[in-house]
Amino acid sequence: MVKVQTEITINRSIDKVSEYAINPDNAPHWYVNIHSAQWQTPKPLTLGSKIAFKAKFLNRDLAYVYEIVEFIPGEKMVMKTAQGPFPMETTYEFYELEPNLTKMTLRNSGVPTGFSKVFAPFMSTMMKKANMKDLKKIKEILES
């Protein structure tokens, strides 16, 4: 089992941070490894929405579909892979520290299969490093 949690403080309101972060159309802009996001269900994002992502991780091209399984606008979103090579759950949580200061938490957990199983001992470290790059990027985008 791989479990990774990262967090960052962003100098923007919780509404701005959460709206930007949960929008799948923005994912390729702030996720280092995600190259595209394609809606499989009609917009807007809601419980049960499905989004297909294409990414690259460990020098492998990945294609997977996430389904939104928990959604509290402005507070929390949980999505799970509906299909793909690495069953994964991703959780975003947002906490208002001050009116224009938000803590964003990003959690990933999953069980590697196939080629990913070989890298399981190193995967948590590699994912945490990638997630911190992603959070630094979203901070940079939202604070500029």
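Values in this text are rule-based calculations from the coordinates and carry no lab data. Computed from a predicted structure; not experimentally measured. We place every Cβ from the backbone using ideal geometry, glycine too, and count neighbours over all the protein chains shown.
Label zone (Glu98, point 7 Å along Cα-to-C-beta; backbone nitrogen cut-off 13 Å) within the range 1-23: 10-13. Remark: relative contact order (the chain) = 32 percent; criterion is Cα-Cα distance under 8 angstrom and separation of 6 or more residues. Approximating the spin labels as points 7 Å out from Cα along Cα→Cβ, the His29-to-Glu89 distance works out to 3.0 nm.
Available extension along the chain between Lys3 and Phe122 is 41.7 nm, counting 0.36 nm per residue and deducting the alpha carbon span. For the chain, with a Gaussian network of springs between Cα atoms less than 10 Å apart, report the residue from Pro73, Pro99, Pro87 with the top mean-square fluctuation. In the Gaussian network model the winner is Pro99. Relative to the longest principal axis of the Cα atoms of the chain, helix 120-143 runs at roughly 30 degrees.
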